[in-house]
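This report refers to the structure that appears directly beneath it.
The values are calculated or read from the model by the stated rules, or taken from the named source; none is laboratory data. Everything numeric in this text was worked out from a predicted model, so none of it was measured. Glycine gets a Cβ as well: all are built from the backbone with ideal geometry, and neighbour counts include every protein chain shown. Protein only, heavy atoms only, side chains kept; ligands, DNA and RNA dropped before computing areas. Shrake-Rupley method; radii C 1.70, N 1.55, O 1.52, S 1.80 Å.
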Amino acid sequence: MARIISYIAKETGGTNFNSHKYKHENMGLSTIQYDDFAEYNLKYLCETRKEDKSINLKLYAEDILSKTEPLFAYFLDGSRRTFKVDDISYNQEVFPIIAGQVCVACCKRQNKNMEAFKLRKHNVIALPKKSFNEHIMGSQTNELKDKINNQTSKNIEFSKILPYKTADKDKLEDKAVAEIQTHMMKEEQNMVKELVDNRLLSQNKYLLKDGSLEYKNQHMKEKELYKFKEAYKYIVGVSKSFNPANFKDKRGNVITENVANLPLYHRTPVSMYEYEKLKFAVWYIRIRDIKYTNDIYSGILKIEKILVTDKEIENGIDSEEVDLISANIINERNPVCYGNDKRWANHLYPVYITEQYAKSQYLSNQMFLNIF
């Protein structure tokens, strides 16, 4: 059996180099996301109750903990690992080959217990567009994928060949990784669609997604965008890493200090920002006491929710819903995963469990690299 890289080179008319193979690292130790999106154009106080100060939710969180079922019934996490597996040349131009493991996991809370619910697991390979004829690229990538799978063990299968752009020679590895990241995000959306199609989400059963809800949608038509927004009606994004310097208050001042000085169990007022064609409500919650954390943003979460209706966009999201979401997030903070994850202060335990479930599905780094 030919090794996968040599087989790819043969099938695409390239020359491979047997370069050093390695895994891309992403330590994820900082709560500050330095390379976040550019500065947002915010509408400040985008909620029905116009309060300019942080809101204390300690008593409300305690009250609902004893009286109602948790708001969040489903938890979603998308994860990927990427590897440089070789270089390949076409017409004396050299390009990296990047392979990836993608896992999108969904867990469900059932009778106060966390259970694995659904999983999407894909192995993918990112190749330069130079590997294919642009006029029949789709059929060529599918054909190459099938041929590769015929060369590998029956227990290891590749789901996609992802072509990446090569017009600009800068950061080619980053472009290949970006294609794998985009594939992971599409699988997250497919998971959400499956839950929505099966009517599993409702006003009493929300889904909490690890990370941002900022999906690329610039090519969506109006009808598609409407369906997309409706699908995310009962979904909340929670980010452990963020850059508050991107956000400004109504006076044009960055909110960095306001977020850093947020008291325990308080949330900020809601702001609205636009990303591509979608409008988002965004706010911050402190779930850990700063005296137990490593830096000023440890213990603070960034919360996102897509604004679905014209009424929400015009008048702001219902403050009662924001309080309910926030209080439930505060109640999800325990038990902690201290000692198991350096980001423990920014973790919600069901999200942590879902993340661990996703990562447990990976082949070991060495085993995956040895495939090539």
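Data for the structure
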{"item": "The chain - percent of accessible surface contributed by carbon and sulfur, probe 1.4 Å", "result": "46 percent"}
{"item": "Over the chain: Kirkwood hydrodynamic radius from C-alpha pairwise inverse distances, Å", "result": "22.3 Å"}
{"item": "Inter-label distance for Gln203 and Lys233, nm, one decimal - labels placed 7 Å from Cα along Cα-to-Cβ", "result": "1.0 nm"}
{"item": "Extreme residue, positive dipole direction of segment 164-210, given options Leu208, Ala176, Val196 (C-beta unit charges)", "result": "Val196"}
{"item": "Cα→Cβ-extended label distance, 7 Å offset, between Arg49 and Asn294, nm", "result": "3.5 nm"}
{"item": "D (Stokes-Einstein, µm²/s), Kirkwood Cα radius, segment 42-83, 0.890 mPa s at 25 °C", "result": "167 µm²/s"}
{"item": "Using alpha carbons only: equivalent-ellipsoid semi-axes of segment 35-129, gyration tensor based, whole Å", "result": "44, 25, 9"}
{"item": "For segment 261-269, Karplus couplings with θ = phi - 60° (6.51, -1.76, 1.60), whole Hz, Gly/Pro x", "result": "8, 4, x, 4, 6, 9, 10, 7, x"}
{"item": "Under 10 Å, Cβ to Cβ, from Gln356 - net charge with Lys/Arg +1 and Asp/Glu -1", "result": "-2"}
{"item": "Heavy-atom surface of segment 255-372, accessible at 1.4 Å and reported per residue (Å²)", "result": "40 Å²"}
{"item": "Sparse-neighbourhood loop sites, chymotrypsin sites (Phe, Trp or Tyr not before Pro) in segment 259-338 - DSSP loop, at most 10 other Cβ within 10 angstrom", "result": "none"}
{"item": "Surrounding net charge for Gln203, when Lys and Arg each add one and Asp and Glu each subtract one, Cβ distance under 10 Å", "result": "+1"}
{"item": "Point-charge dipole on Cβ atoms (K/R +1, D/E -1) for the chain, about Cα centre, debye to 20", "result": "620 debye"}
